[in-house]
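A.B. asks: Got a structure here, written out as structure tokens. Questions coming.
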Amino acid sequence: MTTQLFCTSCGEGYDSLEPVWRCSCGGLLDLECEPDFPLRKIGRRKPTMWRYREALPIDSDVHILSLDEGFTPLTPLAIGDKRVLFKLDHLFPTGSFKDRGASVLMSKAHELGVNKVVEDSSGNAGCAIAAYAAAGGIGCEIFAPEKTSSAKLTQIRAYGANLHPVAGSREDTAKAALLAANDAYYASHVCNPFFLHGTKTFAFEVCEQLGWEAPDTLVLPAGNGTLLLGAYIGFSELLKCGLIDYMPKMVAVQTESCRPLHAAWEEKSSEPCAVTRKLRPTSQAIYESDESETFAAIKKDTFAEGMAIAKPMRGRQMLEAVKKCRGKFISVSEDEIRSALSLSFGRGFYIEPTAAATVAGVCKYLSDGAKPDEMVVSAFTGHGLKDTEKILSLLENR
Ligand SMILES: Cc1ncc(COP(=O)(O)O)c(C=O)c1O
Ligand SMILES: [Zn+2]
């Protein structure tokens, strides 16, 4: 498959056989490819995300790093008088949907002959990159905020990665990783476009599981937007190849504690708003100041640790994608996240608090007037075993 990297700021093109992850102008890179979907072949293949082989940007099969991930169940759940289909992405090998991106990105690193990668993450992406680095025998340095749940930090170390806990904010962690990326390949789930060409398999699976049809609506998390943008790329490719005839509407979920994109959406701004500690009493926009201390204060207040991204690097693209598919942004409160967690547990789904923010978004979207016959698809994005301490505190305070 032909693939080409290009800069989203200046348009400069790069050969995808170069170990490049950012334009010389500093701009973010996107990847363009020409996917193919040979449906009969796909139908006969193993139930993993690699069944869409002709749509995944790795030249030779020998470089594929796979733990037989993906093709997660699409399971119906009744919420009120409505029915929603949830992808059980908490059942991935490392316990989160990030394996979709990590499998493709680390396969690309293997193809490029990279011997060491650097990544920064609020936890789950670090776990996923570390697992696939282990599978490929690639050295791995993971930077994560020191306040990340101990299960995630332990998991990263267990795969053999060097873990660098960073004091301060998520942004401080990213800065530390960027420095380290001077002499290694930056396997960033946010900057590196190959990650998004793994998360796009979410769209392919949903579409195939619905009999090669698109759902009406997707309710997805909007932290750094790796699932949101991946789904957008995936459905766009399906549309381009004529497998579906419309784009699903995307409802992007943020938390009231940290909502730079929802605030921008309300202001009709094309750039994310900056976030400050001074939250207004209701769910009003949060502006100004991006000092690290400020962000740490906000993050401490939210139950959804993986979603509290004050400055989403691809925020502009997220706003654009949601606009193009006639979607919207919504924000959920801490109480709504707790209720959604209890609801999920009560149905037998053990998910982590960050994942519950998306479920809370589904509940909010349904109660805000989804049509009775609307086909809504969402995801359980991370496993409950990732954050026992927080779940325990929830149980004790209930
Ligand atoms: C379990 C879980 N759900 C949702 C998200 C949000 O995903 P994104 O930041 O890609 O929007 C994350 C991010 O780490 C996560 O770990
Ligand atoms: Zn550029």
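A.B. asks: So for segment 43-62 (the condition being open to solvent by 70 Å² or more (accessible area, probe 1.4 Å), among the acidic types (Asp, Glu) and touching a residue at least 60 places away in the same chain (Cβ under 8 Å)), does at least one residue qualify?
C.D. replies: No; the residues of segment 43-62 include none that is open to solvent by 70 Å² or more (accessible area, probe 1.4 Å), among the acidic types (Asp, Glu) and touching a residue at least 60 places away in the same chain (Cβ under 8 Å).
A.B. asks: Where the second residue is open to solvent by 80 Å² or more (accessible area, probe 1.4 Å) and modelled with pLDDT under 95 and the first is over 15 Å from Phe194 (Cβ atoms) and lies in segment 3-23, which pairs have Cβ atoms under 7 Å and are six or more apart or on separate chains?
C.D. replies: Gly13/Gln4
A.B. asks: Identify, from the list Leu88, Leu28, the residue that is of a type in the set (A, V, I, L, M), within 16 Å of ligand 1 (Cβ to nearest atom), open to solvent by less than 70 Å² (accessible area, probe 1.4 Å) and assigned by TED's automatic domain parsing to the domain that holds Lys371.
C.D. replies: Leu88
A.B. asks: May I ask you to list the residues in segment 357-388 that are buried (at least 24 other Cβ atoms within 10 Å of the Cβ) and either touching an Asp or Glu at 6+ places or on another chain (Cβ under 6 Å) or not in a strand (DSSP E or B) (or both)?
C.D. replies: Ala357, Thr358, Val359, Ala360, Gly361, Val362, Ala379, Phe380, Thr381, Gly382, Lys386, Asp387 - these are the residues of segment 357-388 that are buried (at least 24 other Cβ atoms within 10 Å of the Cβ) and either touching an Asp or Glu at 6+ places or on another chain (Cβ under 6 Å) or not in a strand (DSSP E or B) (or both).
A.B. asks: Still on this structure, I have one more. Do we find a residue being within 16 Å of ligand 2 (Cβ to nearest atom) and either free of Cβ contacts under 8 Å to residues at least 12 places away in the same chain or surrounded by fewer than 22 Cβ atoms within 10 Å (Cβ to Cβ) (or both) anywhere in segment 319-326?
C.D. replies: The answer is no; no qualifying residue exists.
A.B. asks: In addition: I'd like to check which strands (runs of 3 or more DSSP E) are fully inside segment 49-141 and have at least 2 residues that are within 28 Å of Asp216 (Cα to Cα) and basic (Lys, Arg).
C.D. replies: Strands (runs of 3 or more DSSP E) meeting the threshold: 82-87.
A.B. asks: When you scan segment 19-29, do you find a residue that is closer than 23 Å to Gln209 by Cα and not in a helix (DSSP H, G or I), even just one?
C.D. replies: No, segment 19-29 contains no residue that is closer than 23 Å to Gln209 by Cα and not in a helix (DSSP H, G or I).
Residue-wise test of (1) farther than 24 Å from Gly70 by Cα; (2) within 16 Å of ligand 2 (Cβ to nearest atom); (3) surrounded by fewer than 24 Cβ atoms within 10 Å (Cβ to Cβ); (4) assigned by TED's automatic domain parsing to the domain that holds Gln317.
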site: Val104; (1), (2), (3), (4): no, no, no, no
site: Ser107; (1), (2), (3), (4): no, no, no, no
site: Tyr132; (1), (2), (3), (4): no, no, no, no
site: Leu153; (1), (2), (3), (4): no, no, yes, no
site: Arg170; (1), (2), (3), (4): yes, no, no, no
site: Ala180; (1), (2), (3), (4): yes, no, yes, no
site: Ser188; (1), (2), (3), (4): no, no, no, no
site: Gly211; (1), (2), (3), (4): no, no, yes, yes
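A.B. asks: With the structure loaded, tell me whether Lys82 is away from ligand 1 (no atom under 16 Å from the Cβ) and in contact with a Pro (Cβ under 9 Å, 6 or more places away or on another chain) or whether it fails that test.
C.D. replies: yes
A.B. asks: Residues in segment 314-354 that are of a type outside the set (S, T, N, Q), closer than 28 Å to Ile391 by Cβ and not in a loop (DSSP other than H, G, I, E, B): how many?
C.D. replies: Qualifying residue count, segment 314-354: 15.
A.B. asks: If I filter segment 193-215 for residues that are in contact with a helix residue (DSSP H, G or I) (Cβ under 9 Å, 6 or more places away or on another chain) and part of a strand (DSSP E or B), do I get at least one hit?
C.D. replies: No, there is no match, as no residue in segment 193-215 is in contact with a helix residue (DSSP H, G or I) (Cβ under 9 Å, 6 or more places away or on another chain) and part of a strand (DSSP E or B).
A.B. asks: Please indicate, with yes or no, whether at least one residue in segment 68-75 is crowded, with 16+ Cβ neighbours inside 10 Å, among the acidic types (Asp, Glu) and within 16 Å of ligand 2 (Cβ to nearest atom).
C.D. replies: Initial filter on segment 68-75 (crowded, with 16+ Cβ neighbours inside 10 Å): 69-72, 74.
Next, only the ones that are among the acidic types (Asp, Glu) stay: 69.
From what is left, the residues that are within 16 Å of ligand 2 (Cβ to nearest atom) are none.
No - not one qualifying residue is present in segment 68-75.
A.B. asks: State yes or no: is Leu218 outside any helix (DSSP H, G or I) and at pLDDT 95 or above?
C.D. replies: Values: outside any helix (DSSP H, G or I): yes; at pLDDT 95 or above: yes.
Here the answer is yes, as Leu218 does meet what is asked.
A.B. asks: Across segment 1-13, which residue is farthest from ligand 2 (Cβ to nearest atom) among those that are open to solvent by 40 Å² or more (accessible area, probe 1.4 Å) and in contact with a helix residue (DSSP H, G or I) (Cβ under 9 Å, 6 or more places away or on another chain)?
C.D. replies: Met1
A.B. asks: OK, next. Look at segment 230-258 and say how many of its residues are out of contact with any His (no Cβ under 8 Å at 6 or more places or on another chain) and either open to solvent by 10 Å² or more (accessible area, probe 1.4 Å) or assigned to a loop (DSSP other than H, G, I, E, B) (or both).
C.D. replies: Looking only at that region, the number is 16.
A.B. asks: While we're looking at this one, here's another question. Being open to solvent by 20 Å² or more (accessible area, probe 1.4 Å), out of contact with any Gly (no Cβ under 7 Å at 6 or more places or on another chain) and small (Gly, Ala, Ser), is that true of even one residue in segment 218-229?
C.D. replies: no
A.B. asks: Of everything in segment 272-318 that's hydrophobic (A, V, I, L, M, F, W, C) and at pLDDT below 80, which residue is surrounded by the fewest Cβ atoms within 10 Å (Cβ to Cβ)?
C.D. replies: Ala297
A.B. asks: Same structure again: Only one of these conditions is not met by Ser16: (1) polar (S, T, N, Q); (2) in contact with a Phe, Trp or Tyr (Cβ under 7 Å, 6 or more places away or on another chain); (3) within 16 Å of ligand 2 (Cβ to nearest atom). Which number is it?
C.D. replies: (2)
The values are calculated or read from the model by the stated rules, or taken from the named source; none is laboratory data. What you see is a predicted model, and the numbers here were worked out from it, not measured in a lab. Neighbour counts are summed over all protein chains in view; Cβ atoms, including those assigned to glycine, are modelled from backbone coordinates with ideal geometry. Surface accessibility is based on the protein's heavy atoms, side chains included, excluding ligands, DNA and RNA. Shrake-Rupley method; radii C 1.70, N 1.55, O 1.52, S 1.80 Å.
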